[in-house]
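Student: One structure is given below, represented as structure tokens, and several questions about it will come after.
Derivation of every value follows stated rules applied to the coordinates shown; laboratory data play no part. Nothing here was measured: the structure is a model prediction, and the numbers come from that model. Methodologically, a virtual Cβ is constructed for each residue, glycine included, from the backbone with ideal geometry; neighbour enumeration extends over all protein chains shown.
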Amino acid sequence: MTDRELLELAAKAAGLKIDKSPHNGGGTKNDGFDLLGNAVLDWHNNIRWNPLTDDGDALRLAVDLGLLSHPTIPHEQAIAKFTGAKSLHAATRRAIVRAATEIGRAMA
């Protein structure tokens, strides 16, 4: 799954709408992403979102989806190991987005 696909499903899980409107500054082939791969939530107000690269976006996503809550019984737990990550921060952001992606996928 590409980073773009991860971000689209994570945004869905978080209730965020990626701005793909051709009348909103993105042009006629607006796919909702800028040249750096950030999801654009609002072209006019320059609101970009990328929890894969931004710690604040990742933390807000985790909190909004309850990923940092203490589990109650019965609970589910998921553990994933990422190899090749450039840093622990990048691996943590990717884990948050992947968890959100699964929530978004289940919403389909």
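Student: Between Asp42 and Ala90, what FRET efficiency comes out of the Förster formula 1/(1 + (r/R0)^6) with R0 = 30 Å and r the beta carbon distance, rounded to 0.05?
Tutor: For Ala90 and Asp42, the calculated efficiency is 0.70.
Student: When the Karplus curve 6.51 cos²θ - 1.76 cosθ + 1.60 is applied with θ = phi - 60°, which whole-Hz ³J(HN,Hα) does each residue of region 39-47 get, with x for Gly and Pro?
Tutor: Per residue, the Karplus-derived 3J(HN,Hα) values read 6, 9, 8, 7, 5, 5, 9, 6, 9 Hz.
Student: While we're here: Check Phe33: other-chain or 5+ apart residues with amide H under 5 Å from its amide H, H built from backbone geometry?
Tutor: Under 5 Å from the amide H of Phe33: Val40.
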